[in-house]
């Protein structure tokens, strides 16, 4: 564990912690508990299953909570809770982000409910730190199970994991047999509960802390069009330009706009939408968050991930850029069962209640409410090869019982061209 600290951190200073009386058998008098602790101390050189302190990761001062799995399986007991609570309080005093390097099997059985109740203490301290506007990053080591996963791990703003780590609420000895693959970092990433599998932990932690602690000031300016394009003459021309295979998509805009960036992943409800890119990017040394549609129908997971990003950016004081490009919200049965309506409502609410500036650029298709949910009222710009419409021309024609050959004329009547949107006061300008 000490080697891990040295590999990611410089100038680490451990916080003071009261020692445990090793001849005491704990709060419920578990036979031999004091002796088990004494052996754990001899084996690891530590007095408890977590070490807390401060140091620099990259060029950002941070508070670290580092678990020693060799000490009673990294389990959480009463004194572990004491240390973690004190560390969170110290982080709020120092105004530093909190990084939790977790390796734990869960709560300590030898302390009974006195151990399990520490999860409530940890959750409260994490909530107070969140309310103070300080970022929390967790690193899931092998294993991260039980209450450590369900508090410090899954409750962090950004969740990173080491490849191959066992991650799950149920540990290997208590879960049903037959589905071990579900309890891995890779599975948690695939199902929206982990943001990234890290390969170079010191470098990636440094990048994340840099992004989360250096917010830009004021509203982001909209990105430039990577290539430039003429304005469409008709509504149908606008639709065709927005659907053209060769026009730039979200990644081209983000790569042009940011010096470098990091994505978050997943809605924390079991879903990932690869057609929505969310994360934080550095532009001129300051951080702007982004939520970008990539031209596909947006699923409930995509809306929830965007809402998660906007809420997180708001807590950290980071302005947000959104890019609109979708034919509309996914509307199949699977999307309805996954909560399309509530997820869209969540995104509308996140932007409507945002305490930080949100700037929107429509870069392609703006299909109905699924696109509008990503747009900031009064702060929306459009590109020349985009459109925004109450619904697609094809859907409008079908609703009005018009034949397919009238779809182009319907597009003209919808007044969905970029210049129409500016004239209607729905867009501030054409980039």
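Quick note: the coordinates plus some simple rules give every number you see, no bench work behind them. If you're wondering where the values come from, they're calculated on a predicted model, not measured in any experiment. A quick note on method: Cβ atoms are made from the backbone with ideal geometry, for glycine too, and the neighbour counts reach across all protein chains shown.
Details
- Angle of helix 340-352 to the longest C-alpha principal axis of the chain, folded into 0 to 90 degrees and rounded to 10: 90°.
- For the stretch 2-212, the relative contact order comes to 17 percent (Cα pairs under 8 Å, sequence separation of at least 6).
- Projected label distance in nm at residue 186 and residue 402, using a 7 Å step from Cα toward the beta-carbon: 5.1
- When you count the other C-beta atoms within 10 angstrom of each residue and take the mean per peptide, 198-204, 166-172, 47-53, 139-145 line up highest first as 139-145, 47-53, 166-172, 198-204.
- Angle between the chain longest axis and helix 118-131 axis [Cα atoms, degrees, rounded to 10]: 40
- The GNM of the chain, with springs linking C-alpha atoms under 10 angstrom apart, assigns the highest mean-square fluctuation among 60, 362, 98 to 60.
- Cβ-Cβ distance of residue 252 and residue 296, R₀ of 22 Å, FRET efficiency by 1/(1 + (r/R0)^6): the value works out to about 0.90.
- Degrees, to the nearest 10: 78-94 long Cα axis against longest axis of the chain: 50
- Relative contact order (percent, whole number), the stretch 182-318, Cα cutoff 8 Å, 6+ residue spacing: 28
- For 227, 193, 379, the sequence from fewest to most other C-beta atoms within 10 Å is 227, 379, 193.
- Fewest-first ranking of 194, 431, using other Cβ atoms within 10 Å as the exposure measure: 431, 194
- Relative exposure of 399, 264, judged by other C-beta atoms within 10 Å (fewest first): 399, 264
- Model label sites at residue 86 and residue 36, defined 7 Å from Cα along the beta-carbon direction, differ in position by 2.4 nm.
- In nm, spacing of pseudo-spin labels at residue 334 and residue 163 (7 Å Cα→C-beta vector): 2.8
- Each peptide in 344-353, 124-133 was scored by the mean count of other Cβ atoms within 10 Å over its residues; highest first, the order is 344-353, 124-133.
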